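For reference, the structure discussed in these notes is given below.
The values are calculated or read from the model by the stated rules, or taken from the named source; none is laboratory data. None of these values were measured; they are calculated from a predicted model. Backbone-built Cβ (ideal geometry, glycine too); neighbour counts: all protein chains shown.
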Amino acid sequence: MRPAFDPALYLVTDTALAGPRGVPDVVRAAVAGGVTAVQVRDKTASRRELYALTLAVREVLAGTGVALFVNDAVDVALLAGADGVHVGQDDLPAAAVRALIGPDRLLGLSAGSDDELAVALALPPGTVDVVGIGPVWSTPTKPDAGTGLGPEGVAALAAEAAAGGLRSVAIGGIDARRAPLLTGVDGICVVSAICAAPDPAAAARALREAR
């Protein structure tokens, strides 16, 4: 049975932005402020480092009910006992990832266009649990993500996803000021708005209040 998953405020970690505080401490504060899901992402880490980081974050999340995803690295997610994996369109195919992780873990897939969303919607029901729609606005944390869809573009894709039975989160350039502009999605996904904040708990609270 797949774990409960609340996508309302989904944090993607950034080791560089967390700085000397460290990702686990940022996650701890963010969850205290209202984060409901966490994805461990570190493109520069070795598999061993990513595994250690995921274990550390999993320990922080123990007993909170907050779902833990790992970005891209299916092997790390399985070994570390994460709740799920998130993959992009250029990573392993979602159907293959589902076969690897089995029926009891969550799977997220990025979708930044009608064509990419169509890939998710064409999969057998239950393959993907949530689609990450974006970028809403261009963002320095993912410069290769393309030009922003804007709130209207995100709302249109979110409506398509919902019609196909998929939950969605918006990602890309979101902060507490912009969060109220987003409609139709089940949640918002942030990186720098929390990881770079002087007070991650306060930043998370502000994002929850803005929605």
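Values for this structure:
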quantity	calculated
Meets criteria (closer than 27 Å to L17 by Cβ and at pLDDT 95 or above) for G126	no
Enumeration of residues in the range 160-206 that are on the phi < 0 side of the Ramachandran plot, of a type outside the set (V, I, T) and in contact with a Ser or Thr (Cβ under 6 Å, 6 or more places away or on another chain)	A161, D186, S192
Checking G126 against (1) in a loop (DSSP other than H, G, I, E, B); (2) without any contact (Cβ under 8 Å) to a residue 40 or more places away in the chain; (3) farther than 20 Å from A67 by Cβ, the condition it does not meet	(3)
Scope the range 138-177; condition surrounded by fewer than 18 Cβ atoms within 10 Å (Cβ to Cβ), modelled with pLDDT of 95 or more and part of a loop (DSSP other than H, G, I, E, B); matching residues	G164, G165, D175, R177
Per-region count, the range 178-208, residues of a type in the set (D, E, K, R) and part of a helix (DSSP H, G or I)	2
Evaluation of Q39 against (1) buried (at least 22 other Cβ atoms within 10 Å of the Cβ); (2) closer than 16 Å to L107 by Cα; (3) without any contact (Cβ under 8 Å) to a residue 60 or more places away in the chain (one fails), failing number	(3)
